[in-house]
Amino acid sequence: MAKGRGRRDKAVKRQYEEYPYPPRDPADEHSRLIEGSPSHLGELNHYLYSGKRDFSKPFRALVAGGGTGDAAIMLAQHLSDHGDRGTVTYLDLSSASRAVAESRAKARGLENMVFHTGSLLELPEMGFLPFDYIDCCGVLHHLEVPERGLQALISCLAEDGGLGLMVYATLGRTGVYPVQNALRSMAAGKTQFEQVKIAKALIGSLPASNWLNKNNYLGDHKLGEDAALFDLLLHPRDRSYLVPELLALLQMCDVGLVEFIEPIRYRPETYLKDDRLLKLVRSMGTAEKAALAENICGSLKTHTVYAKKSSNTADTVAKFNPEMIPTLKDRNPELLFKAFSARSELNVGFDGESHSFKVPDGAAEFAALIDGRRTLGEMQKHFALNWGKFRNRYVPIYTLLNGLNLLWLQSS
């Protein structure tokens, strides 16, 4: 078993040395910043620090399994924009991936990053001071024993620190694992270059009945990028999780869930419109609802979550209070105002499937006042309402936008 594990560890490292993933060109940093979840500074502040973290003060972040740098670069740029007190430590097995990430940082002139090559399993022995935040995306599901990886992360997390995690989701990856198994039997002993050629030939030969062909939510094997194809279908080791399995992994390591991202995708009400079915859902707990939503939806390819040590999960999510400032993810209130003014329903696409949400009363007028500076209390005074009436009228709008991961709260 140990020999087999060692071979797979080496194979994983070899993959990312030859095929750094995702493919990135450092020259693109002059024209764009790739942003996403988790680890967007406004997002993690909302979920892990009640919207009240002051990022002009020292903030230590770790990106464990940094790949070609998307999360690390985004986080470092956000922290840099808030001053010079935040630092991002990058860690990855692959020196080739690290080289790409370092080149991207250099292109941006970022000086708040520290780079290390190594395994996150070695974290307890690396001597790092505790981190306030740890990003670990697309890594745990590639480990022989995922709980060992999560425990290693927890070992260097500050007591009040938080985690941003992403693992593969089972249902949205329907068709992947039978094709992986087929390729293991056909491409055993071949070089990685030869494996890619075999995989391309197999994809072109799959019958219409193959579940990968039927899965319209997966596209990495259609991008024409060898690194993406290899990561999806030729990876030496990966697994996926259903919601209950992910929650069990967290519990095993004494980690508590704070929230799934995007929250609205883990609410059965997003998919169910029949009042009889909705009545059955109302009494369910958060975990049960999330598992049900996953089973109904069927297209979730990944699970992204914010989490903390189980003893510190209470009251970490920002609350709809007068002193909080609503901030939009895309910083474009005009676009939101136009969308709310023009229609009674908001159509949102998840994995190419359109979902409609009723636009709450007052949504356009609420959106018009979001400028990243005005507090909810100031908005209340603008509308000349007492807090109770203001809250009752506008919480449904906040709930919709926050559920879509478009709006967060931060302290004034």
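Tally up the residues in the stretch 317-351 that are within 18 Å of His40 (Cβ to Cβ) and in contact with a strand residue (DSSP E or B) (Cβ under 6 Å, 6 or more places away or on another chain), please.
Number satisfying all stated conditions: 6.
I'd like the full set of residues that are buried (at least 21 other Cβ atoms within 10 Å of the Cβ), in contact with a Leu (Cβ under 8 Å, 6 or more places away or on another chain) and under 21 Å from Asp351 (Cα atoms), limited to the stretch 242-276.
Within the stretch 242-276, Ile264, Arg265, Pro268 meet the criteria.
Inspect all residues belonging to the stretch 376-383 and state whether any of them is of a type in the set (D, E, K, R) and out of contact with any Gly (no Cβ under 6 Å at 6 or more places or on another chain). Give the steps one after another, and end with the answer.
At the first step, the residues of the stretch 376-383 found to be of a type in the set (D, E, K, R) are 378, 381.
Filter again for out of contact with any Gly (no Cβ under 6 Å at 6 or more places or on another chain), leaving 378, 381.
Yes: the stretch 376-383 contains one or more residues that are of a type in the set (D, E, K, R) and out of contact with any Gly (no Cβ under 6 Å at 6 or more places or on another chain).
Within the stretch 8-40, count every residue that is touching a residue at least 60 places away in the same chain (Cβ under 8 Å) and in a helix (DSSP H, G or I).
14
Please count how many residues of the stretch 129-150 are farther than 16 Å from Ala61 by Cβ and either part of a loop (DSSP other than H, G, I, E, B) or not assigned by TED's automatic domain parsing to the domain that holds Ala27 (or both).
Here the count works out to 4.
Looking at the structure I just gave you, is Glu365 touching a residue at least 40 places away in the same chain (Cβ under 8 Å), of a type in the set (Asp, Glu) and not assigned by TED's automatic domain parsing to the domain that holds Phe55? Steps first, please.
On the way: touching a residue at least 40 places away in the same chain (Cβ under 8 Å): no; of a type in the set (Asp, Glu): yes; not assigned by TED's automatic domain parsing to the domain that holds Phe55: yes.
Judged against the criteria, Glu365 is not a match.
I'd like to check something: does the stretch 68-84 contain any residue that is of a type in the set (A, V, I, L, M), in contact with a strand residue (DSSP E or B) (Cβ under 9 Å, 6 or more places away or on another chain) and part of a strand (DSSP E or B)?
Looking only at the stretch 68-84, we keep the residues that are of a type in the set (A, V, I, L, M), and these are 71-76, 79.
Next, from what is left, pick out any that are in contact with a strand residue (DSSP E or B) (Cβ under 9 Å, 6 or more places away or on another chain): 71-73, 75-76, 79.
Narrowing further to those that are part of a strand (DSSP E or B): none.
No, because not a single residue in the stretch 68-84 is of a type in the set (A, V, I, L, M), in contact with a strand residue (DSSP E or B) (Cβ under 9 Å, 6 or more places away or on another chain) and part of a strand (DSSP E or B).
Just wondering, is there one or more residues in the stretch 386-399 that are over 30 Å from Tyr271 (Cα atoms) and touching a residue at least 24 places away in the same chain (Cβ under 8 Å)?
Yes, some residue in the stretch 386-399 is over 30 Å from Tyr271 (Cα atoms) and touching a residue at least 24 places away in the same chain (Cβ under 8 Å).
Going through the stretch 68-97 one residue at a time, which ones are of a type in the set (D, E, K, R) and touching a Phe, Trp or Tyr at 6+ places or on another chain (Cβ under 6 Å)?
Within the stretch 68-97, no residue meets the criteria.
Out of all the residues in the stretch 116-128, is one or more in the same structural domain as Thr304 (by TED's automatic domain parsing), modelled with pLDDT of 95 or more, crowded, with 20+ Cβ neighbours inside 10 Å and not in a helix (DSSP H, G or I)?
No, every residue in the stretch 116-128 fails to be in the same structural domain as Thr304 (by TED's automatic domain parsing), modelled with pLDDT of 95 or more, crowded, with 20+ Cβ neighbours inside 10 Å and not in a helix (DSSP H, G or I).
Give the residues of the stretch 161-178 that are over 20 Å from Gln251 (Cβ atoms) and of a type outside the set (S, T, N, Q), sorted by residue number.
Leu171, Gly172, Arg173, Gly175, Val176, Tyr177, Pro178
Output the strands (runs of 3 or more DSSP E) that fall wholly within the stretch 278-368 and possess 1 or more residues being under 30 Å from Lys381 (Cβ atoms) and over 20 Å from the mean Cα position of the chain (by Cα), or say none.
324-328, 345-350, 353-358
Is at least one residue of the stretch 184-199 free of Cβ contacts under 8 Å to residues at least 12 places away in the same chain, farther than 25 Å from Glu17 by Cβ and not in a helix (DSSP H, G or I)?
No; the residues of the stretch 184-199 include none that is free of Cβ contacts under 8 Å to residues at least 12 places away in the same chain, farther than 25 Å from Glu17 by Cβ and not in a helix (DSSP H, G or I).
The values are calculated or read from the model by the stated rules, or taken from the named source; none is laboratory data. These figures come from a predicted structure and were not determined experimentally. Using ideal geometry, Cβ is built from the backbone for each residue, glycine included, and neighbour counts are taken over all protein chains shown.
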